[in-house]
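To keep things clear, I will list the structure first and then write my remarks on it.
The numbers here are math on the coordinates, done by the rules we state, and not lab data. Computed from a prediction, not measured in an experiment: that's the story for all the values here. Every residue, glycine among them, receives a Cβ derived from its backbone with ideal geometry; neighbour counts consider all protein chains shown.
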């Protein structure tokens, strides 16, 4: 009897896609997982591997820059990252997928990010202080309910406004016709 292993987590699915040569699907899964886990070294390392296998060395370097991973592949990818985005702090800052506070990364990564932060401030007067992404926050049931009520009220007000405008336009047209008719009657009675 043949047993098929079904990936159980997002990272298992990324690994399965990599093994199956579905690099674009692996890329989409790993970047999606990064939204929920922006400092997870396993996600970042796997993201680097995905982009490395896709041949996008600069992007692989951007992911691996945020990990403790080292080796010739990592070195080549980081060199490609710096070649594409410049060796200066600003180019690297904008290329890195940093979606959380610097303190959320491993100590060695924090040191590298703090160095970029100092260089950006010193060389460009650029204050870079990454914070957790608001996209990671979940919306409460109460907030969703409030949004639905707000939307319904907005639709009701818009509908009422259109209704009032419509009645107003027809009223003006009707009164205009009455005034024209009266004008004609008065004009005819004066003529006789």
*Please give the helix 141-191 orientation as an angle from the longest Cα principal axis of the chain, in degrees from 0 to 90, rounded to the nearest 10.*
30
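For the stretch 43-104, what does the alpha-carbon gyration tensor say about shape, rounded, prolate or oblate, given a ≥ b ≥ c as the root eigenvalues, a/c under 1.5 as rounded, and a/b over b/c as prolate?
Values: a/c = 1.68, a/b = 1.11, b/c = 1.51.
It is oblate, given that a/c is not under 1.5 and a/b is not larger than b/c.
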*Name the residue, out of 122, 177, 147, whose mean-square fluctuation peaks in a Gaussian network model built on the chain with Cα pairs under 10 Å.*
177
*Taking other Cβ within 10 Å of each residue's Cβ, how do 126, 63 sort, fewest first?*
126, 63
_Just to verify a number: FRET efficiency for residue 28 and residue 169, C-beta to C-beta distance, R0 = 41 Å, to 0.05?_
0.20
*GNM on the chain, C-alpha springs below 10 Å: top fluctuator among 173, 93, 155?*
173
*Once every DSSP H run of n ≥ 4 in the chain is given -39500 (n - 2.57) and the sum is divided by its residues, what mean residue ellipticity at 222 nm do you get, rounded to the nearest 500 deg cm²/dmol?*
-23500 deg cm²/dmol
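Of 165, 64, how do they rank once you tally other Cβ atoms within 10 Å and put the fewest first?
Values: 165 10, 64 26.
If I rank by nearby Cβ atoms, fewest first, I get 165, 64.
State, as an integer percentage, the relative contact order of the chain based on alpha-carbon contacts under 8 Å between residues 6 or more apart. Please list the in-between numbers first.
Numbers: 171 pairs, mean separation 23.7, N = 192.
Dividing the mean separation by the residue count of the chain yields 12 percent.
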_Using the basic label-point model (7 angstrom from Cα toward the beta carbon), what is the residue 79 to residue 104 distance in nanometres?_
3.3
*Rounded, prolate or oblate: which fits the stretch 19-63, taking a ≥ b ≥ c as square roots of the Cα gyration tensor eigenvalues, rounded meaning a/c under 1.5, else prolate when a/b beats b/c?*
oblate
*asked:* To make sure I understand, if each residue's beta carbon is the centre and we count other beta carbons within 10 Å, what order do 52, 170 fall in, fewest to most?
replied: 170, 52
*Measure off 7 Å from each Cα along the Cα-to-Cβ vector at residue 35 and residue 111, then give the distance between these two points in nanometres to one decimal.*
3.5
*Using the Cα gyration tensor of the stretch 21-136, with a ≥ b ≥ c the square roots of its eigenvalues, what is the shape: rounded (a/c below 1.5), prolate (a/b larger than b/c) or oblate (neither)?*
oblate
*In degrees between 0 and 90, to the nearest 10, how far off the longest principal axis of the chain does helix 23-36 point, with axes built from Cα atoms?*
80
*In degrees between 0 and 90, to the nearest 10, how far off the longest principal axis of the chain does helix 41-54 point, with axes built from Cα atoms?*
90
